[in-house]
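**Q** Next up is a structure, given as structure tokens.
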Amino acid sequence: MAKSFINTQFKQRFLKNKGAVVSLLFIVFALLTGVFGYFIAPDNSPYANRMIPEIGSKKLGFTILLLKEKKQIKTSENIFQILLNGKTDNYTYIPITKYYFNNDSIVYDKFIDDGIVEKKFILLNDTSKNFKDLFLKQNITQQTFYLGTDKFGRDILSRLIIGIRVSLSVGLIAVMISLSIGIFLGAIAGYYRGKIDDIIMWFINVVWSIPTLLLVFAITLVLGKGFWQVFIAVGLTMWVNVARLVRGQVIAAKELEYVEAAKVLGFSHSRIIIKHILPNILGPILVLAAANFAGAIVIEAGLSFLGVGVQPPQPSWGLMIKENYNFIITNNPMLALAPGIAIMLLVLAFNLLGNGLRDAMNVRTI
């Protein structure tokens, strides 16, 4: 009964915080977008890496006709493979400005640059109207690049959508690693105290004294550059905050009556920590986890911007800023601003969610 009442109070307080509710909805939307990204993105090739150099660095809303030319090697994937890795392009995409049929061939103007075209043609096996209509339907498409293209002619919107996966994945895995290490060490230090506490606190203070970015660099250089290495590196640098928080909360909770009662009943130390203390200090841990999630996204973006994080062609918002930041002062600033705005919105959402959880759980009175 009491538990149900607490849950009802939590829901009421949380729902009153409009910023937290909107942030939660935005995070859910970002999560669904990341999971089903290859079914949503206009470019569903692996890593959204379809390069069309002729249309590089185009502005928002750029629209052009694309002629699809079949490749020699044809591949096929099932729905699960497409969900995970995208669909391999079986076509080469040629930008064109116009086309028309001329007897047994189709003549088209290949787009080279603004105002520059090259006239080419393709011989047709059949000159019937049905065949021509089928050819146009299967091989010529019009595409709008809503956020423009980068210098390689890749769709910025598609890379933003697929890049969500990196940001959410690094946040999730880094938080899981940091919580696992931090809760374990913090709980042991706070519960047993004495020499164990002194040793763990000495280790925490040593790690705490090293600048976060420098520590991430060191771990990344040891593990190497790459997708999974970034997750581990970020996670191994964020556990200190968790350990300090858990230690303090455990020290305070250890003196409460329900812990004393559990000791009198003869419960083991591990049971007291896991089943009695940790569930009652979950509120502050969740708030810190939300803040660490936001911090992990920023650190990953910084590492990718500096070239030691996610490596091309895999899309990462930080890497996209690195590849396009010089366009900020030229004619197409959106190439770098779009991923920057995406990082800002996602980090803001997690921070607001953390504030909402703090208020709803009444963490400040714990």
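The values are calculated or read from the model by the stated rules, or taken from the named source; none is laboratory data. This one's a predicted model, so the numbers in the text were calculated from it and none came from an experiment. So basically every Cβ, Gly included, is an ideal-geometry build from the backbone, and we count neighbours across all protein chains shown.
**Q** Here are K275, K225: which of them is part of a helix (DSSP H, G or I) and of a type in the set (K, R)? Give the derivation first.
**A** On the way: K225 fails: part of a helix (DSSP H, G or I).
After ruling out the rest, the residue left standing is K275.
**Q** Give the stretch 219-253 a look and list any residue that's over 23 Å from the mean Cα position of the chain (by Cα) and small (G, A, S), or say none.
**A** A243, G248, A252, A253
**Q** Here are L25, L15: which of them is out of contact with any strand residue (DSSP E or B) (no Cβ under 7 Å at 6 or more places or on another chain) and at pLDDT 95 or above? Steps first, please.
**A** Working: L15 fails: at pLDDT 95 or above.
Within the list L25, L15, the selection yields L25.
**Q** Continuing with this model, one more query. Could you check G190 against (1) out of contact with any Lys or Arg (no Cβ under 7 Å at 6 or more places or on another chain); (2) under 20 Å from G283 (Cβ atoms) and say which number it fails?
**A** Of (1) out of contact with any Lys or Arg (no Cβ under 7 Å at 6 or more places or on another chain); (2) under 20 Å from G283 (Cβ atoms), only one is false for G190: (1).
**Q** Residues of the stretch 311-329 being in a loop (DSSP other than H, G, I, E, B) and among the small types (G, A, S), which ones?
**A** Within the stretch 311-329, the first condition is being in a loop (DSSP other than H, G, I, E, B), and the residues that meet it are 311-316, 328-329.
Within the stretch 311-329, S316 is the sole residue that qualifies.
**Q** Among the listed residues K98, K119, which satisfies the condition of being at pLDDT 90 or above, farther than 30 Å from A41 by Cβ and either out of contact with any Gly (no Cβ under 9 Å at 6 or more places or on another chain) or acidic (D, E) (or both)?
**A** Numbers: K98 fails: farther than 30 Å from A41 by Cβ.
After ruling out the rest, the residue left standing is K119.
**Q** So, one more: Residues to consider are I140, I162; find the one that is outside the structural domain of K322 (by TED's automatic domain parsing), at pLDDT 90 or above, under 24 Å from D43 (Cβ atoms) and surrounded by 15 or more Cβ atoms within 10 Å (Cβ to Cβ). Outline the logic, then answer.
**A** On the way: I162 fails: outside the structural domain of K322 (by TED's automatic domain parsing).
Only one candidate qualifies: I140.
**Q** Inside the stretch 330-352, can you point out the residues that are in contact (Cβ under 8 Å) with a residue 40 or more places away in the chain, outside any loop (DSSP other than H, G, I, E, B) and not β-branched (V, I, T)?
**A** Within the stretch 330-352, the first condition is being in contact (Cβ under 8 Å) with a residue 40 or more places away in the chain, and the residues that meet it are 331-332, 334-335, 338-339, 342-343, 345-352.
When the remaining residues are screened for being outside any loop (DSSP other than H, G, I, E, B), the result is 334-335, 338-339, 342-343, 345-352.
Selection gives M334, L335, A338, P339, A342, L345, L346, L348, A349, F350, N351, L352.
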